[in-house]
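Rule-based calculations on the coordinates, nothing more; no lab input. Bear in mind that the values here come from a model prediction, so they are computed numbers and not experimental data. With ideal geometry, Cβ positions are generated from the backbone for all residues, glycine too; neighbour counts draw on all protein chains shown.
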Amino acid sequence: MTKRYLLLFALLPAAARAQAVENYFLAGAAFASTQVIGGSNVTVTGSTGFSDLIGFAFQVVRKSAVSLWVEPFPLVIDSPGGSAPIQGSASANGTIVTPSARLMVPLEPRISVFGAVGGGGGQFHNYTLSSDNPPQLKTHSVYHGVFSAGGGIDFRISRHFSIRVDARDYVTGRDLGGVLGRNHFLPMLGLALHY
């Protein structure tokens, strides 16, 4: 993973590297809904799991103290929990990539708020049943477009480090990744490294 990010950093244009660049590592909760598997009477009980976000960003515009950043490859791993009263194993995990634009607005020298929007795609696992008799729980994979929007707050603790709170809604097709409806809300907390 480290080699991949070093390679991505090396590919950034020299102009972007000359400005501000950051890596960020965030983690938080992931939520699943209780649902009935289509065409059956089997209920999967959703539970809270974990999510994490790894990415890098670079500043493209700075006007006064307000700055616009590009997040070219934010990688979200979403792992909510779930259980069913039949044999087998399955997951509602998701992998999401939504290149985004983020506007940072300072409230004071060490505290900034931000809003971000983006779009991309993801792979989502859904619960399904095997054709065995009796049927067993298994995973079905779906690829779908994703729109993301959210915001947060960044607390700068030194020149090179900040603590970041980030909450984004990842909007997909209906009933993907163990979530009824379209919204995958992921609140996260983590660390940003500034260069």
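Please give the charge dipole size of the chain, origin at the Cα centre, charges +1 on K and R Cβ atoms and -1 on D and E Cβ atoms. Round to the nearest 20 debye.
For this selection, approximately 580 debye.
Once you put a point 7 Å from the Cα of residue 33 and another 7 Å from the Cα of residue 133, both along the Cβ direction, what distance in nm separates them?
If labels sit at residue 33 and residue 133, their model points lie 3.4 nm apart.
Relative to the first principal axis of the alpha-carbon coordinates of the chain, what is the inclination of helix 2-11, with its axis defined by its Cα atoms, in degrees from 0 to 90 and to the nearest 10?
Helix 2-11 and the main axis of the chain meet at about 50 degrees.
Tell me the relative contact order for the chain as a rounded percent, counting alpha carbon contacts under 8 Å between residues six or more apart.
About 20 percent, as a whole number.
Quick query: amide H of residue 136 versus all other amide H atoms, modeled in the peptide plane; which residues come in under 5 Å with a sequence gap of 5 or more or a different chain?
Amide H to amide H, under 5 Å and 5 or more residues apart or across chains, residue 136 pairs with 130.
When the scattering of the stretch 75-153 is computed by the Debye formula from its Cα atoms alone, each counted once and equally, what is log10 I(q)/I(0) at q = 0.15, 0.17, 0.22 Å⁻¹?
Ignoring solvent entirely, the Cα scatterers give -0.67, -0.76, -0.96.
Quick one: length gained pulling residue 23 to residue 70 fully straight, 0.36 nm per residue minus the C-alpha distance?
Here the segment from residue 23 to residue 70 would lengthen by 15.7 nm.
Quick one: P(r) of the chain from all Cα-Cα pairs, 10 Å bins, percents rounded to integers, in order of increasing distance.
Result returned by the calculation: 9, 34, 29, 17, 9, 3, 0.
Once amide H atoms are built 1.01 Å from N in the peptide plane, which residues 5 or more positions from residue 31, or in another chain, come under 5 Å H to H?
49
To one decimal place, what orientation-averaged projected area in nm² is obtained for the convex hull of the Cα set of the stretch 127-195?
On the way: hull surface 27.1 nm².
If you wrap the Cα atoms of the stretch 127-195 in a convex hull and average its projections, you get 6.8 nm².
Can you work out ³J(HN,Hα) from phi for every residue in the stretch 20-31, in order, using Karplus 6.51 cos²θ - 1.76 cosθ + 1.60 and θ = phi - 60°, giving whole Hz and x for Gly and Pro?
So the J values, rounded to whole Hz, are 7, 9, 9, 10, 9, 9, 10, 8, x, 8, 10, 10.
Within the stretch 78-113, find all residues whose amide N lies under 17 Å from a label point positioned 7 Å from the Cα of residue 159 along Cα-to-beta-carbon.
The answer is 110, whose backbone nitrogens lie closer than 17 Å to the label point.
Compute the Kirkwood hydrodynamic radius of the stretch 29-97, taking the inverse of the mean of 1/r over all pairs of distinct Cα atoms, and give it in Å to one decimal.
Values: mean 1/r = 0.0677 Å⁻¹.
By the Kirkwood definition, the hydrodynamic radius is 14.8 Å.
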